[in-house]
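For reference, the structure discussed in these notes is given below.
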Amino acid sequence: MNDAEVQEKLSTPGRDAALDGLRALAILRVITWHASGWPWTTWIISSVPAMFVVTGALLARSLQKASAFDTLRKRFKRLLLPLWFYSLTVYLLSLHFEVRTSAVWTFFLPFSQPTSLIASQWFTSAMWYLRAYVWVLVLAPFIYALTRRFKSLIPIAGIIAVVALAVWNIDTAGFGWAAGDILLYSTCTAAGMAWLVDGRPSPRTLHFAAIAFLAAACGWLLYRQPLDGVVNNDHVLHLFIGGFWTALLLHFPKTLSSFSTTAVSGFLNKYPLSIYLWHSMTAWIFWQLVPNKIPTNARVLLIVGLTFAALPAVTYIVGLFEHRKTGWLTFLQVSPRILLIAALVISINIGPLSRRLDFVRTPLNQPLPPSAAPKVVKIDIEDDVKKFLNSSSFKDDAWSIRESEMQTILDNRTKEMGLGQARAIVVTRDGRTWHGISGNMRTFDQPSLIGSLTKTFTTTLIMQLVDEGLLSLDDPVGGMGMGFKHSQITIRQLLTHTSGLSKYKTKNGYVAKGTTPTDVLRYVSEQPLRNPPGSYVDYSTSGFSLLGLILEQKTGRTFEDLLRSRITDPLGYQISTFRGDYGSIGFSTGGIMMTMDDLADWTRRYFFDRTTTKETWDWAMRDTTGMGAHGYCPCRNKEFLALGHIGGRTFASVDGDGTVVIIDTTGILVLDNYKKTQTFAQELRLVAGGGKKYLYP
């Protein structure tokens, strides 16, 4: 801009250039956080509170000049067309790739959070802002009326309400979290309205507010830390950090006003909605395209830079829907954009991009999607169990009464889940133990096949050799003595199910009796990799079969001999093993039979005490899988209440309280029963006195 244009912008009647500068800075920070996935960026210029303060000031200015109806009509007119175009794009992509979505109406009238599993939720997670914005628009006339009458008392009351919601744990997830969003950003909107109604605060007032918000944030951090170190994951902290940065920046109105006259700020303020809607999709594309061989931090910086660089091209295509001078778009305006969109659609489906963009799976080499809300997965406990947990019998801590309740849970769950017969063990951290049998299940002195729980023993043997320097996690497996074609795969990738190996299959879908580990090795060697090693988590029984062969080749001893001499004999476990039987590869993937009491002891040692090797190791959990472990809910973002594994018919886990739960059945605990199994285990934990403390990380 030249000097005349700058002066014109700064002198526009009713316009506050400092707020334009503040909004532009907030948008820059939002893009940086979403494109990088670096949690520390959320502590700098907490953006969404600042953007709603600006929204409040702009709404107040509009409501001073026009009726509430006209103000909302103009706002929704500007909002809905760009929103609908983006939502239609995401919804059609979701249908094309056959992924689950929320109800179609949420995409076009987002009073509830629109969600889609497309691109690991990257395309919809940031749309929580639109949900909050729509609600704030609807409430704006009421907020404005209250602010005109009570002025700064309204945002102060909002701050108190936000803190109260958090202290009472109302805003932890689901509807409570959404309500907390609306309250928080209505408070910020009221602050922006008070800015206009009450007059610009003095520098001294802003100075005091910044100090007060910073002190409040420090105090709140002593009370509660945000999940994953992300400010946005805690409403109160988001409010206090946002208030601090907003007050601090507005303390320098001339600097903000000067920044608002720059080309960058002008661009961001011209297309704020289009940039917000499309920047996450843009960043996701670059996360897919930029090679992961580049050092991590350099790769992140490159992706952030490319995202910023691409936004002008993106807004050329979509910005017309937001910033149009006439009510209708002409053919000359639309046609070049339609051609560009068609070219992109073709390249996604049959062009070069189709081989690089994976809209369905989640690669390891990109951050989790931009945060919409803490991802809290609760467990629905039966009403009868809740009633017992609130009863005097539970509070009296009589173990015999708790044993009776656990037996009731075992009987009810066995019947409800169609498990046939079942038995269970619960062991508390202080050693109290319960054994229960439902139906004609075998007694506890009889062993069971533990299936994939065998992988915990295999992982331990591998890590013992790593302790001893005989293996390195990043060693390539090599030719395996028979010209194995995928020799670049590493031991770490086999352990973490990221090798990309094909699944072992036969014509009838079953593993034939007598199948050997070498048969598996030859088969997967001839099959193409499902994906490049190290790029995706893809649970692999074949990979653990290879680990068993590696153990044998490195030591010159059989897997079974290593298992007994290094683990089970010293611990006094009675086991038997098999290969190629019971419709399974067996061996190092699922070939152990043992008693449930021994399995309970092993579960505590492996998942809780972590004493099965000299050195502890990083579980390297992504989603729920890593190093022979699965994470089980209740969950919060990347935190799991319990770690364990399911071996088809046998489940073993331990929570952060040290409560071990073993469930062994004649039915199937996975597939349709997977979520119910987690509920089953959590009910037993709670009745035993556990089920409260998270184990991972």
Checklist line | Matching helices (runs of 4 or more DSSP H) fully within the range 534-622 where at least 2 residues are among the aromatic types (F, W, Y) and within 22 Å of A652 (Cα to Cα) | finding: none
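Please find, within the range 193-249, the residue that is nearest to the chain's Cα centre (by Cα) out of those that are of a type outside the set (D, E, K, R) and not in a helix (DSSP H, G or I). Step through it out loud before you land on a result.
Quick first cut of the range 193-249, residues of a type outside the set (D, E, K, R) only: 193-197, 199, 201-203, 205-223, 225-227, 229-233, 235-249.
Pick out the ones that are also not in a helix (DSSP H, G or I) and you get 199, 201-202, 225-226, 230.
Details: G199: 42, P201: 40, S202: 42, Q225: 18, P226: 14, V230: 12 Å.
Per the criteria, the residue is V230.
Yes/no matrix, rows are residues, columns are (1) part of a loop (DSSP other than H, G, I, E, B); (2) modelled with pLDDT under 90; (3) outside the structural domain of S125 (by TED's automatic domain parsing):
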{"position": "D380", "(1), (2), (3)": "yes, yes, yes"}
{"position": "K386", "(1), (2), (3)": "no, no, yes"}
{"position": "S404", "(1), (2), (3)": "no, no, yes"}
{"position": "G420", "(1), (2), (3)": "yes, no, yes"}
{"position": "D430", "(1), (2), (3)": "yes, no, yes"}
{"position": "L461", "(1), (2), (3)": "no, no, yes"}
Item checked: Candidates D598, D569, D561, D581, filtered to the one that is within 35 Å of the chain's Cα centre (by Cα) and among the charged types (D, E, K, R) -> D598
Item checked: Test: residue in the range 490-507 that is part of a loop (DSSP other than H, G, I, E, B) and in contact with a strand residue (DSSP E or B) (Cβ under 6 Å, 6 or more places away or on another chain) -> yes
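Each row is one residue, and each column tells you yes or no for (1) among the β-branched types (V, I, T); (2) surrounded by 21 or more Cβ atoms within 10 Å (Cβ to Cβ); (3) not assigned by TED's automatic domain parsing to the domain that holds G37.
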site	(1), (2), (3)
M127	no, yes, no
V138	yes, no, no
T147	yes, yes, no
L165	no, no, no
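For the range 482-504, name all the residues that are loosely packed, with under 13 Cβ neighbours inside 10 Å and touching a residue at least 12 places away in the same chain (Cβ under 8 Å). Show your work before the answer.
Step one: of the range 482-504, the residues loosely packed, with under 13 Cβ neighbours inside 10 Å are 482-483, 487.
Correct list: M482, G483.
Which one is surrounded by the most Cβ atoms within 10 Å (Cβ to Cβ) among residues in the range 242-267 that are among the aliphatic types (A, V, I, L, M) and out of contact with any Leu (no Cβ under 7 Å at 6 or more places or on another chain)? Working first, answer last.
Within the range 242-267, the first condition is being among the aliphatic types (A, V, I, L, M), and the residues that meet it are 247-250, 256, 263-264.
With out of contact with any Leu (no Cβ under 7 Å at 6 or more places or on another chain) added as a condition, the list becomes 248, 263-264.
Numbers: L248: 17, A263: 8, V264: 14.
So the residue we want is L248.
Here's the yes/no breakdown for (1) at pLDDT 95 or above; (2) over 20 Å from L227 (Cα atoms); (3) in a loop (DSSP other than H, G, I, E, B):
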{"position": "A140", "(1), (2), (3)": "yes, yes, no"}
{"position": "A157", "(1), (2), (3)": "yes, yes, no"}
{"position": "V163", "(1), (2), (3)": "yes, no, no"}
{"position": "A166", "(1), (2), (3)": "no, no, no"}
{"position": "A178", "(1), (2), (3)": "no, no, no"}
Notebook entry, point to check: Limited to the range 539-561, what total is found for residues that are surrounded by fewer than 18 Cβ atoms within 10 Å (Cβ to Cβ) and touching a strand residue (DSSP E or B) at 6+ places or on another chain (Cβ under 9 Å)?
Noted result: 1
Next item on the list: Among the residues of the range 456-481, write down those that are within 30 Å of A600 (Cβ to Cβ), without any contact (Cβ under 8 Å) to a residue 40 or more places away in the chain and within 30 Å of the chain's Cα centre (by Cα).
Entry: L473
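Would you check which residues across the range 505-515 are surrounded by fewer than 18 Cβ atoms within 10 Å (Cβ to Cβ) and of a type in the set (A, V, I, L, M, F, W, C) and list them?
Within the range 505-515, the first condition is being surrounded by fewer than 18 Cβ atoms within 10 Å (Cβ to Cβ), and the residues that meet it are 505-510, 512-514.
Of everything in the range 505-515, just one residue is surrounded by fewer than 18 Cβ atoms within 10 Å (Cβ to Cβ) and of a type in the set (A, V, I, L, M, F, W, C), namely A512.
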Margin query: So the check is Cβ under 6 Å with 6+ separation or different chains; which pairs have a first residue in the range 64-90 that's without any contact (Cβ under 8 Å) to a residue 60 or more places away in the chain and a second one that's in a helix (DSSP H, G or I) and surrounded by 12 or more Cβ atoms within 10 Å (Cβ to Cβ)?
Written below: W84/F108; S87/F107; S87/F108
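Is it the case, given these coordinates, that F359 is surrounded by 14 or more Cβ atoms within 10 Å (Cβ to Cβ), at pLDDT 70 or above, among the aromatic types (F, W, Y) and part of a loop (DSSP other than H, G, I, E, B)?
Working: surrounded by 14 or more Cβ atoms within 10 Å (Cβ to Cβ): yes; at pLDDT 70 or above: yes; among the aromatic types (F, W, Y): yes; part of a loop (DSSP other than H, G, I, E, B): yes.
Considered against the rule, which asks whether it is surrounded by 14 or more Cβ atoms within 10 Å (Cβ to Cβ), at pLDDT 70 or above, among the aromatic types (F, W, Y) and part of a loop (DSSP other than H, G, I, E, B), F359 comes out as yes.
Among the residues of the range 54-99, write down those that are assigned to a loop (DSSP other than H, G, I, E, B) and out of contact with any Ser or Thr (no Cβ under 7 Å at 6 or more places or on another chain).
Narrowing the range 54-99 to residues assigned to a loop (DSSP other than H, G, I, E, B): 66-67, 97-99.
A66, S67, F97, E98 - these are the residues of the range 54-99 that are assigned to a loop (DSSP other than H, G, I, E, B) and out of contact with any Ser or Thr (no Cβ under 7 Å at 6 or more places or on another chain).
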Item checked: Verdict on G199 being among the small types (G, A, S), under 30 Å from T362 (Cβ atoms) and assigned by TED's automatic domain parsing to the domain that holds S46 -> no
Checklist line | Enumeration of residues in the range 418-439 that are out of contact with any Ser or Thr (no Cβ under 9 Å at 6 or more places or on another chain) and among the small types (G, A, S) | finding: G418, G431, G436
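The values are calculated or read from the model by the stated rules, or taken from the named source; none is laboratory data. What you see is a predicted model; the values in this text were computed from it and never measured. Positions of Cβ are backbone-derived with ideal geometry, glycine not excepted, and every protein chain shown enters the neighbour counts.
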